[in-house]
Amino acid sequence: MHCHHVCRVVARSPLFAPLPRFSCALSHSSEVDLLDLLLPHLDASHINERVGEEGFTALHVCADMGALRTARRLLIDGRADLSVPDKKGRTACAIAEAQGNSALANCLQSTEH
């Protein structure tokens, strides 16, 4: 997983709020899979929490940023809820579609069914 994508998700997502932000100081070339290090320390309520102006969950942030690999990792984990809407009633899939990210939208749609 590309560290810069994970760091951007960490900076914007409630998913990682309970953890120190120093994790983003890792080099972009780091072999460490940051998300795999962080997920064991979180429960489903952190992953699906809606925060910020738009009420984004971690999956919403991924959809907004086009972070396909990070979204896949969250889905593989099995605790991310695809049905959670943001404050405007949009799911992560709807945001991916609106951003023109068909690969991410398809990934989310295939997981929904």
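Read the figures in this text as sums done on the coordinates, not as results from a lab. The structure displayed is predicted, hence computed values, not measured ones. Cβ: placed from backbone, ideal geometry, glycine included. Neighbour counts: every protein chain shown.
Okay, here's what the table says:
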item: Point-to-point label distance, V51-E112, nm (Cα→Cβ direction, 7 Å offset); result: 2.6
item: Per-peptide average of other Cβ atoms within 10 Å, ordering 76-83, 93-100 highest first; result: 93-100, 76-83
item: Linear extension gain, Q99 paired with D33, 0.36 nm per residue minus alpha-carbon span; result: 21.2 nm
item: Net charge of neighbours whose Cβ lies under 10 Å from the Cβ of A44, counting Lys and Arg as +1 and Asp and Glu as -1; result: -3
item: By average C-beta atoms within 10 angstrom, highest first, the peptides 36-44, 50-58; result: 50-58, 36-44
